[in-house]
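Asks: The structure's right below; bear with me while I get my questions together.
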């Protein structure tokens, strides 16, 4: 999904991810910390995700990954995927992924 987003949106991907981070509303409690690796999202998306600061600054001990809380990561991924589907810029598999998320599957 991230590679498709980077290829389709190019320079505007930063503003899309920024909008997603701004629209995130944290709920009480802790959720698990995840790592986003460049190999998983591609070089362009990784650079964008590195530039957009998350609401809570988490310590970075290694520049090979970006630490992100699970709910924020899910929110941003969903926001970008929904935008790709709305713009009809994804293959059928990713469109089906969005529909399954919306259905709670």
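The values are calculated or read from the model by the stated rules, or taken from the named source; none is laboratory data. Values in this document were obtained by computation on a predicted structure and should not be read as measured data. Reconstructed Cβ throughout: ideal geometry from the backbone, glycine too, with neighbour counts over all protein chains shown.
Asks: For residue 17, work out the one condition from (1) free of Cβ contacts under 8 Å to residues at least 60 places away in the same chain; (2) out of contact with any strand residue (DSSP E or B) (no Cβ under 6 Å at 6 or more places or on another chain); (3) in a helix (DSSP H, G or I) it doesn't fulfil.
Replies: (1)
Asks: Only one of these conditions is not met by residue 73: (1) modelled with pLDDT of 90 or more; (2) in contact with a helix residue (DSSP H, G or I) (Cβ under 9 Å, 6 or more places away or on another chain); (3) surrounded by 15 or more Cβ atoms within 10 Å (Cβ to Cβ); (4) part of a helix (DSSP H, G or I). Which number is it?
Replies: All conditions are met except number (2).
Asks: Another question, then. Exactly one condition in (1) farther than 18 Å from residue 1 by Cβ; (2) within 16 Å of the chain's Cα centre (by Cα) is false for residue 40; which is it?
Replies: (1)
Asks: Would you confirm whether or not segment 81-94 contains a residue that is loosely packed, with under 11 Cβ neighbours inside 10 Å, touching a strand residue (DSSP E or B) at 6+ places or on another chain (Cβ under 8 Å) and not in a helix (DSSP H, G or I)?
Replies: no
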